[in-house]
Amino acid sequence: MREADWSVDRLKGEIDALGRRGLSRQEYFAELGPRLRRAVANDASCWHTLDPETRLLTSDEPRELVERGIYSEETIAAAGEVIVRSEYLAEDHNGFAELGSRRVPVAILAQSTRGRPERSARYRDLLEPSGIPHELRAAFVLRGRVWGAAHIARREASGGFSRRDADILAEVAPTIAAGIRASLRFDAARRGSGPEAPGLVILDPAGEVELVTPAALPLLRSLATAGVDPEQGDLPSAVLALASFCRSQTGAALGSYVVTVPGREGWITLHGSRPDPGDERIAIVIEVAGGPRAATVRLEAHGATAREREVATLIARGLTNPEIAETLVLSPHTVQDHVKSLFEKLDVGSRQELVARVFLDEYLPEVMQRTPLTSHGRFELD
């Protein structure tokens, strides 16, 4: 394989600029893969989003695996299902949820298995038969929340990944996480529908309103002072100031900017950026600061109590019983009682089976149907 020719600093700068362009999730991943390859040589990559609350997979983007000849359009779906199910039906090395709990959320399969990758069911069932035995994995964490993950592959002839490869990916991982978070925000705002949709305002090069989505109007009214009518094209001063600032930035300063301002019903966050470096238009996503309710894995249907739902969510994140006890400030004995109760209510016999029951019943259909995601990384469901 060709030697990597980008420095870490250049890669980080490129990814940071990419994440600030307000791209859709698919566009972001499509441009991210080739950039990463310039510093971490590989044959293909597959990208995922995760629910930040439960750390369960919510979407995948395996385009490179098809474009670079590892799978075909006919075989990629079956391969993806194997990956999804391998995360939750059995213990395996370097699961995405478990990686998200590590101080350094990046790992090489050959190193994790002490040079015996055949110890991994994923290697035996998928990687080796597919001709991509060398695997580098990462979870993308920002402020303790996991927004996505990646599988980076090499063929046998390309050789294994090095510690330096893993170190480079670890250094840029938070920047990738920020880009995924931004892509979800802009995707949700462009749709302008669903219970958690943020609003989107686009200003043309002259500063005139080109687009205001319906979801933006109540938030703009919350910011507006007397005499400012968003329905007539007027905008609050905070929005105009942010747009002016974004338009004034050039060169290295060009990017996305975030401010949080008080509205009549609470704090509101504005995210301003240029959709493209050569475009003088300004896009501003507007949403309630902090987001609405925390995501759950919808365990209410199984009769789980509020505390049991908390425990189940932490199990999905890969935490052990002692770690759950510390997180919830409970005794290990109490946590064990909650786990036992969950097993009984869901009719399962292990932690893996518990997560699989919740994930495969509730999440997998949405993943396969490519259900849109909210700006908070969850499925857009009524």
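The values are calculated or read from the model by the stated rules, or taken from the named source; none is laboratory data. This is a predicted model, so every value here is computed, not measured. Note that we place each Cβ from the backbone using ideal geometry, even for glycine, and neighbour counts take in every protein chain shown. We work out accessible area using only protein heavy atoms, side chains counted, and drop any ligands, DNA or RNA first. Shrake-Rupley method; radii C 1.70, N 1.55, O 1.52, S 1.80 Å.
Things to note:
- From the list L32, L109, L65, L23, the one residue that fits, being among the aliphatic types (A, V, I, L, M) and farther than 23 Å from H134 by Cα, is L23.
- Residue satisfying all of: in segment 68-86; of a type in the set (S, T, Y) and either within 17 Å of Y123 (Cβ to Cβ) or open to solvent by less than 30 Å² (accessible area, probe 1.4 Å) (or both); nearest to the chain's Cα centre (by Cα) among these: S86
- Options N94, N42: the member that is in contact with a strand residue (DSSP E or B) (Cβ under 8 Å, 6 or more places away or on another chain), without any contact (Cβ under 8 Å) to a residue 60 or more places away in the chain, part of a loop (DSSP other than H, G, I, E, B) and buried (at least 21 other Cβ atoms within 10 Å of the Cβ): N94
- Every residue from segment 112-140 that is without any contact (Cβ under 8 Å) to a residue 24 or more places away in the chain and polar (S, T, N, Q): S112, T113
- Residue in segment 124-131 that is in a helix (DSSP H, G or I), closer than 21 Å to I76 by Cβ and touching a Leu at 6+ places or on another chain (Cβ under 8 Å) present: yes
- Screening I76, I15 for residues that are touching a helix residue (DSSP H, G or I) at 6+ places or on another chain (Cβ under 6 Å) and over 26 Å from R163 (Cα atoms) leaves exactly one candidate, I76.
- Any hit, segment 92-108, residues being polar (S, T, N, Q) and either under 22 Å from the mean Cα position of the chain (by Cα) or closer than 16 Å to A356 by Cβ (or both): yes
Listed here are the residues, each with its yes/no results for (1) at pLDDT 95 or above; (2) among the small types (G, A, S); (3) farther than 23 Å from G159 by Cα; (4) in contact with an Asp or Glu (Cβ under 8 Å, 6 or more places away or on another chain).
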site	(1), (2), (3), (4)
S45	yes, yes, no, yes
L57	no, no, yes, yes
E61	no, no, yes, no
A78	no, yes, yes, no
A90	no, yes, yes, no
R114	yes, no, no, no
P117	yes, no, no, yes
R122	no, no, no, yes
D125	no, no, no, no
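- The listed residue being in contact (Cβ under 8 Å) with a residue 60 or more places away in the chain and buried (at least 22 other Cβ atoms within 10 Å of the Cβ), out of L89, L65: L65
- When the helices (runs of 4 or more DSSP H) confined to segment 278-382 are screened for residues that are over 30 Å from R247 (Cβ atoms) and modelled with pLDDT under 80, those reaching at least 2 such residues are found at 351-358, 364-368.
- The residues listed here are L56, L65, L11, L32; of these, the one that is hydrophobic (A, V, I, L, M, F, W, C) and more than 23 Å from V141 (Cβ to Cβ) is L65.
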